[in-house]
1. If you go through region 208-218 one residue at a time, do you hit one that is open to solvent by 70 Å² or more (accessible area, probe 1.4 Å) and under 19 Å from SER117 (Cα atoms)?
2. With respect to TYR132, determine if the residue is closer than 20 Å to VAL31 by Cα, in contact (Cβ under 8 Å) with a residue 40 or more places away in the chain, open to solvent by 10 Å² or more (accessible area, probe 1.4 Å) and not aliphatic (A, V, I, L, M).
3. Taking the residues in region 88-102 that are in contact (Cβ under 8 Å) with a residue 24 or more places away in the chain and surrounded by fewer than 16 Cβ atoms within 10 Å (Cβ to Cβ) as candidates, determine which candidate is farthest from the chain's Cα centre (by Cα).
4. State yes or no: is ASP151 more than 25 Å from LEU95 (Cβ to Cβ), among the acidic types (Asp, Glu) and buried (at least 21 other Cβ atoms within 10 Å of the Cβ)?
5. Is one or more of the residues making up region 134-153 under 19 Å from the mean Cα position of the chain (by Cα), within 26 Å of TYR9 (Cα to Cα) and among the charged types (D, E, K, R)?
6. State whether one or more residues within region 76-87 are open to solvent by less than 10 Å² (accessible area, probe 1.4 Å), over 17 Å from the mean Cα position of the chain (by Cα) and on the phi > 0 side of the Ramachandran plot.
Amino acid sequence: MHRQYHRWYSRSLGRDMELLQYGHGGPPMIVFPSSMGAFFEYEDHGMVAAVADKLEHGALQLFCVTSVDRESWYNRHAHPRDRVRRHLQYEDYILGDVVPLVRHVNQHHAIGVTGCSFGAYHAMVIALRHPYTFTSCVAMSGRFDITQFLDGYFDDECYFLNPPSFLRNQSDDHYLEQYRRNKWVLVTGEHDICRGDNEMFSGLLHAKGIGHALHIWGFGSKHDWPDWQPMAAAYLP
């Protein structure tokens, strides 16, 4: 399997960022790590191995990025406004640095996003905010409400980073029509702590007429990597 390491200085974040690329072709997907995770997490937890056949046969290509969650949502020493600002700088990094790399490496017309747990939040929010750039989203065991990280603070930028808030009130056909063209997959375990969040979010998508799939994985599945491995094999890309 093709595996390539990338590192460069991000002007958006003001520091070096690292990334691992897997596979030589096929639909590209940017992989967001779980809470405070790094670019090597997906490999370390057996997720790359779970989709190795697809990667080896050119049916999928992964670009695994590092988070800055410790500097944004999980930075309890910073004012919530500064946590939001750091997340927006991270979004700029994804759009301005990672997306151009993906397009340089892979000529496929569409880019997807995926992630597990808090990585699913990252995937979902950026796919909703930029539906013309990211046309598929596979969110595994996500919790999409970020108000828990804001200590009661909530401004317009918080609103547009909190999918349950802005999707519920979305009425702009420019976005809604593209949402309805894109691919949305929610996957959660039958005993997952985030199952209710996924069922709720599925209801929001349904209310807006956005076609999607909600899969409740069986086999006693919970909120952990051994359960996400077969989900990835089944639903990526």
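The values are calculated or read from the model by the stated rules, or taken from the named source; none is laboratory data. All of these numbers come straight from a predicted model, not from anything done at the bench. So basically every Cβ, Gly included, is an ideal-geometry build from the backbone, and we count neighbours across all protein chains shown. Accessible surface is based on the protein model in full, side chains and every heavy atom, while ligands, DNA and RNA are left aside. Shrake-Rupley method; radii C 1.70, N 1.55, O 1.52, S 1.80 Å.
1. No: region 208-218 contains no residue that is open to solvent by 70 Å² or more (accessible area, probe 1.4 Å) and under 19 Å from SER117 (Cα atoms).
2. Values: closer than 20 Å to VAL31 by Cα: yes; in contact (Cβ under 8 Å) with a residue 40 or more places away in the chain: yes; open to solvent by 10 Å² or more (accessible area, probe 1.4 Å): yes; not aliphatic (A, V, I, L, M): yes.
Yes.
3. Step by step, filter region 88-102, then rank; the result is GLY96.
4. No.
5. Applying the first criterion (under 19 Å from the mean Cα position of the chain (by Cα)) to region 134-153 yields 134-149.
Still in the running and within 26 Å of TYR9 (Cα to Cα): 134.
Keeping just the survivors that are among the charged types (D, E, K, R) gives none.
The answer is no, given that none of the residues of region 134-153 is under 19 Å from the mean Cα position of the chain (by Cα), within 26 Å of TYR9 (Cα to Cα) and among the charged types (D, E, K, R).
6. Scanning region 76-87, I find no residue that is open to solvent by less than 10 Å² (accessible area, probe 1.4 Å), over 17 Å from the mean Cα position of the chain (by Cα) and on the phi > 0 side of the Ramachandran plot, so the answer is no.
One line per residue, one yes/no per condition, for (1) at pLDDT 95 or above; (2) over 17 Å from ALA50 (Cβ atoms); (3) out of contact with any His (no Cβ under 8 Å at 6 or more places or on another chain):
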site: GLU177; (1), (2), (3): yes, yes, yes
site: ASN182; (1), (2), (3): yes, yes, yes
site: ASP192; (1), (2), (3): yes, yes, no
site: HIS215; (1), (2), (3): yes, no, yes
site: TRP225; (1), (2), (3): yes, no, no
site: MET231; (1), (2), (3): yes, no, no
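For every residue, the table says whether it meets (1) under 30 Å from ASP155 (Cβ atoms); (2) touching a residue at least 12 places away in the same chain (Cβ under 8 Å); (3) surrounded by fewer than 16 Cβ atoms within 10 Å (Cβ to Cβ); (4) under 19 Å from the mean Cα position of the chain (by Cα).
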residue	(1), (2), (3), (4)
ASP16	no, no, yes, no
SER34	yes, yes, no, yes
PHE39	no, yes, no, yes
GLU56	no, yes, yes, no
